[in-house]
Amino acid sequence: MDMHFDQHISRQFNEDLESLKTEMLEMGGLVTSQVADAVEALANADSEQAEKVLRIEEEIDKREMAIDEHATLIIAKRQPAASDLRMVMSVIRIARDLERVGDEASKVAKMAIALTDEGTAPRGYTEIRHIANAVRKMLNDALDAYTRFDVQAAMRTLAEDEQVDMDYRSAVREMVTYMMEDPRSISRVINVLWTLRALERIGDHAKNICEQVVYLVEGADIRHGHESNLKNT
């Protein structure tokens, strides 16, 4: 379904909506890079790169607040209706999810520092890398689906979260078994488990973004498993 936000009497209104969307997508790019850097810091035992990720967190928080303020101003000044209001609301919700992705990336960075200090864990990095690649792809695809207002792409990406959840549960079982077999590894394995959990949550936030694409284009709320609200897709 094609979405057009260029039919308003006020050219300034068009520019406001486009600017808001651009701000959110720029924030998305920054957050996506933060996730990649956090995982690389973990894989390479690079505490300096991890510290860089932590420093960026404040910038992401500021961007989320700026988007919220901009969106609130648009609602107050323009009183948008129908698809325009959905666009503003979807940007607010996605920015909130992106800020939380940034929080999870920071958790991964903190785990990278902890694991570097304790020595590299002999197990868990393969699972971390696998799940990290999957959730990074989900996040990129979700933002791309929003850019193109592509409901079908959003639904395909949303469905990938189930596999991420399965891989996460499998990795947790394997790490717990390893920890029980070698009690000396408990501290390192706990950090790996927290890292896996943070990555799994990033997948959940990517799923939320996909749900906002559907909300924007179709006006249907499919959160909390309410896919029955979606018609003719």
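The values are calculated or read from the model by the stated rules, or taken from the named source; none is laboratory data. In this text, all values refer to a predicted model and were calculated from it rather than measured experimentally. Neighbour counts run over all protein chains shown; Cβ positions are idealised from the backbone, glycine included.
From the list I60, I113, which one is among the hydrophobic types (A, V, I, L, M, F, W, C) and touching a Ser or Thr at 6+ places or on another chain (Cβ under 6 Å)?
Of the residues listed, the single one that is among the hydrophobic types (A, V, I, L, M, F, W, C) and touching a Ser or Thr at 6+ places or on another chain (Cβ under 6 Å) is I113.
If M138 meets every condition in (1) surrounded by fewer than 21 Cβ atoms within 10 Å (Cβ to Cβ); (2) touching a Lys or Arg at 6+ places or on another chain (Cβ under 8 Å); (3) under 23 Å from L25 (Cβ atoms); (4) not β-branched (V, I, T) apart from one, which number is that one?
In the conditions (1) surrounded by fewer than 21 Cβ atoms within 10 Å (Cβ to Cβ); (2) touching a Lys or Arg at 6+ places or on another chain (Cβ under 8 Å); (3) under 23 Å from L25 (Cβ atoms); (4) not β-branched (V, I, T), M138 misses (1) alone.
Any residue at all in segment 6-23 that is in a helix (DSSP H, G or I), among the charged types (D, E, K, R) and under 30 Å from R129 (Cβ atoms)?
no
I'd like the full set of residues that are at pLDDT 90 or above, farther than 23 Å from D144 by Cβ and either surrounded by 18 or more Cβ atoms within 10 Å (Cβ to Cβ) or among the basic types (K, R) (or both), limited to segment 24-48.
Across segment 24-48, the qualifying residue is only A41.
Could you check how many residues of segment 187-213 are closer than 23 Å to L115 by Cβ and modelled with pLDDT of 95 or more?
So the answer is 8.
Pick out the one residue from K110, K21, K62, K52 that is closer than 28 Å to A220 by Cα and either surrounded by fewer than 18 Cβ atoms within 10 Å (Cβ to Cβ) or in contact (Cβ under 8 Å) with a residue 40 or more places away in the chain (or both).
K21
Within the group I202, I209, I222, which residue is closer than 14 Å to S90 by Cα and buried (at least 22 other Cβ atoms within 10 Å of the Cβ)?
Answer to the selection: I209.
Is there a residue in segment 70-80 that is assigned to a helix (DSSP H, G or I) and under 22 Å from A145 (Cβ atoms)?
Within segment 70-80 (the criterion being assigned to a helix (DSSP H, G or I) and under 22 Å from A145 (Cβ atoms)), the answer is yes, since at least one residue qualifies.
Please list, ordered by first then second residue, the pairs with beta carbon atoms under 6 Å, 6 or more apart or interchain, first in segment 133-162 and among the hydroxyl-bearing types (S, T, Y), second part of a helix (DSSP H, G or I) and modelled with pLDDT of 95 or more.
Y146/V213; T157/M138; T157/D141; T157/A142; T157/C210
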